[in-house]
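Step one of this worksheet: look at the structure below.
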Amino acid sequence: MKRQAGLSLVELMIGLLVSLILLAGVIQIFISARASSEVQAGVAEMQENARFLYGFIGKHIAQAGYRNPFESYGGRQAGFDGLFDNCEGSVPLFGEQGQSDSIHVCLYPGSGDDGLDITDCLGGGANNDGLVQSRFFLSNDGSLSCANGSGQVESLVGGVQSMEIEYLGKDGLIGTASSVGDWAEVTGVRFHFDLVPTSGSALVDDLEQTITFTVALRNLR
């Protein structure tokens, strides 16, 4: 009767070593896939925030100085200089420069309905003066926020590391808010945003996206 022979200690150790090498490869593939997924999610989030900023801010800034042509303005013309006296800075568009820039826009859709769908940045309508006001600024938590004329404040989008604003006139670039001598001469606004992901591990800490876009002020030119 033949004696059955099992694996020797050396063979067991070699088999264990091969298994550990294969397991390490699987773990490395898993870690790489997870890292790639987090990076892709971070990039997708920044791209989505960039699209939101371009569309949402662009829409509200472009409307600055709008005056409802169907309003009588109490017998005054639509271009009456005092129409925006109750807006910040007494002008339809006003900016401030600081650690983070801010910008205020004002419209006059009037008190009547007239089939117009014009709201502030939080979806509110005109106040008792017939004005719609929105102020965009960065909060301490790194989100772009908006305040309306009623004092309500809400966060619009997170992951905004910085916001810099420049102003343009008919002859080109004027500069930052401190360089603007007469806000009535502003014909465009240029935004610079630095965006970062709002979630994820240390794998996305180095991700950053800078976007720049210019909004023409069609009612103030």
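The values are calculated or read from the model by the stated rules, or taken from the named source; none is laboratory data. None of the values given here were measured: they were computed from a predicted structure. No Cβ is skipped: glycine too gets one built from the backbone with ideal geometry, and neighbour counts run over all protein chains shown.
Miscellaneous remarks
- Against the list (1) over 26 Å from Ser90 (Cα atoms); (2) part of a loop (DSSP other than H, G, I, E, B); (3) of a type outside the set (S, T, N, Q), the condition Gly151 fails is (1).
- Region 103-119, subset farther than 13 Å from Asp129 by Cβ and part of a loop (DSSP other than H, G, I, E, B), residue modelled with the highest pLDDT: Thr119
- Residue in region 165-182 that is touching a Phe, Trp or Tyr at 6+ places or on another chain (Cβ under 9 Å), within 27 Å of Val43 (Cα to Cα) and of a type outside the set (Lys, Arg) present: yes
- Criterion violated by Gly123 - all others in (1) out of contact with any Leu (no Cβ under 9 Å at 6 or more places or on another chain); (2) buried (at least 17 other Cβ atoms within 10 Å of the Cβ) satisfied: (2)
- Of the residues making up region 123-147, those that are in a loop (DSSP other than H, G, I, E, B), over 23 Å from Leu220 (Cβ atoms) and either modelled with pLDDT of 90 or more or within 25 Å of the chain's Cα centre (by Cα) (or both) are Gly123, Ser139, Asn140, Asp141, Gly142, Ser143.
For (1) among the hydroxyl-bearing types (Ser, Thr, Tyr); (2) in a strand (DSSP E or B); (3) under 22 Å from the mean Cα position of the chain (by Cα), each residue gets a yes or a no:
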residue	(1), (2), (3)
Ile165	no, yes, yes
Leu168	no, yes, yes
Gly181	no, no, no
Ala184	no, no, no
Phe191	no, yes, yes
Ser199	yes, no, yes
Leu207	no, no, yes
Phe213	no, yes, yes
Arg218	no, no, yes
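- For region 40-86, a residue qualifies if it is at pLDDT below 90 and of a type in the set (Ser, Thr, Tyr), and the qualifying residues are Tyr66, Ser72, Tyr73.
- Checking Val189, Val160 one by one, the residue that is touching a helix residue (DSSP H, G or I) at 6+ places or on another chain (Cβ under 6 Å), crowded, with 19+ Cβ neighbours inside 10 Å and β-branched (Val, Ile, Thr) is Val189 and no other.
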